[in-house]
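Data first, discussion second: the structure below is written as structure tokens.
The values are calculated or read from the model by the stated rules, or taken from the named source; none is laboratory data. Everything numeric here is computed off the predicted structure, so don't read it as measured data. Here Cβ is always computed from backbone atoms with ideal geometry, including for glycine, and neighbour counts include all displayed protein chains. What goes into the accessible areas is simple: the full protein's heavy atoms, side chains included, and nothing from ligands, DNA or RNA. Shrake-Rupley method; radii C 1.70, N 1.55, O 1.52, S 1.80 Å.
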Amino acid sequence: LRDQTIHQKSVNGSTPYKASTVTPLVGLVLKPQKNISVYGNYTAGLAAGGIAGASTANQGEVFAPQKTKQYEVGVKADWGSLTTQAALYQITKPNALTDPITNIYSYGGEQRNRGLELTAYGEIQRGLRAMASAAFNDAKMAKTQGGVNQGKDATGVPDHTFNLGLDWDTPWVQGLSLNGRVINTSAMYYDAANTLRMPAWTRVDIGARYATKVAGKAVVFRANLENVADKAYWVTASGYVTVGAPRTLMLSAAIDF
């Protein structure tokens, strides 16, 4: 059991609130074989409530924290150097709506996300590690104001995502590793009415890591180049869209002392 409290102060003259609740978490793991685990879990969470925007009839009204619920079942297998996992899940959460007639913003809806996630990671051969994942989502508006958008796709949730990453220890330089990854995200809707669909995008990142010693201390130097092709794409989330980051070089160093 988890006791959570959210205390939100006044925002631009809005009404502050302080609310708490106890949310449960329960899970069960079965091992039919030594290297295989079958599991199921249920959890509930608490998220801050929204604030009615400037264009609504109840501008500035602050809403109480909202509860989300998640169910998940899956199977995980450890093959030694490789681990695979498959999971099915359902997440339900309250959804804020603005009534098209009264223009009042309130939590009268519900969003239901169902999906399948597949993951594999490990060392596929000596010095070469891989991580691959695929997620397939079915996010729907389960309850809407007056049923106007009932059954339509939820905003900001892609139908599928694919990720593949490799990390390779080079044989010619001790401590030098090269890596790369490909991220693919399908198209998704920006608005609840499903009239504006943001396009799918694919991004490629590469990087290098060099582990050595300086003055007897372990040091790791990293260089990462994200969005190698300088791909123009949109990052979509519920309620807003931003431009994806352009080609970006990041350098860092970490030392143990």
Within region 43-64, work out how many residues are open to solvent by less than 50 Å² (accessible area, probe 1.4 Å) and either out of contact with any strand residue (DSSP E or B) (no Cβ under 8 Å at 6 or more places or on another chain) or at pLDDT 80 or above (or both).
5
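Tell me whether region 31-40 contains one or more residues that are polar (S, T, N, Q), under 30 Å from D99 (Cβ atoms), in a loop (DSSP other than H, G, I, E, B) and open to solvent by 40 Å² or more (accessible area, probe 1.4 Å).
Checked region 31-40: no residue is polar (S, T, N, Q), under 30 Å from D99 (Cβ atoms), in a loop (DSSP other than H, G, I, E, B) and open to solvent by 40 Å² or more (accessible area, probe 1.4 Å).
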Within the bounds of region 108-128, is there any residue that is out of contact with any strand residue (DSSP E or B) (no Cβ under 8 Å at 6 or more places or on another chain) and in a strand (DSSP E or B)?
yes
Those residues of region 121-160 which are surrounded by fewer than 17 Cβ atoms within 10 Å (Cβ to Cβ), modelled with pLDDT of 95 or more and among the polar types (S, T, N, Q), in sequence order
S133
Restricting attention to region 66-108, and to residues there that are out of contact with any helix residue (DSSP H, G or I) (no Cβ under 7 Å at 6 or more places or on another chain) and among the acidic types (D, E), which single residue is farthest from E123 (Cα to Cα)?
E72
Candidate set from region 227-252 (those that are among the hydrophobic types (A, V, I, L, M, F, W, C) and open to solvent by 70 Å² or more (accessible area, probe 1.4 Å)); member that is nearest to R209 (Cα to Cα)
L251
Can you tell me which condition L225 does not meet? The list is (1) in contact with a Phe, Trp or Tyr (Cβ under 7 Å, 6 or more places away or on another chain); (2) outside any loop (DSSP other than H, G, I, E, B); (3) not hydroxyl-bearing (S, T, Y), and all the others hold.
(1)
For region 70-81, enumerate the residues that are under 18 Å from K93 (Cβ atoms) and either open to solvent by less than 20 Å² (accessible area, probe 1.4 Å) or hydroxyl-bearing (S, T, Y) (or both).
Y71
Among the residues of region 33-54, write down those that are without any contact (Cβ under 8 Å) to a residue 24 or more places away in the chain and among the polar types (S, T, N, Q).
Q33
How many residues are more than 20 Å from the chain's Cα centre (by Cα), open to solvent by 50 Å² or more (accessible area, probe 1.4 Å) and at pLDDT below 95 when one looks only at region 176-216?
6
Which of (1) farther than 19 Å from V220 by Cβ; (2) touching a residue at least 40 places away in the same chain (Cβ under 8 Å); (3) open to solvent by 40 Å² or more (accessible area, probe 1.4 Å) does D169 not meet, given it meets every other one?
(1)
List every residue pair whose Cβ atoms lie under 6 Å apart, where the two residues are 6 or more positions apart in sequence or sit on different chains, the first residue falls within region 102-129 and is free of Cβ contacts under 8 Å to residues at least 12 places away in the same chain, and the second residue, located anywhere, is open to solvent by less than 30 Å² (accessible area, probe 1.4 Å) and small (G, A, S).
none
Conditions (1) surrounded by 14 or more Cβ atoms within 10 Å (Cβ to Cβ); (2) more than 18 Å from T92 (Cβ to Cβ): number failed by K67
(2)
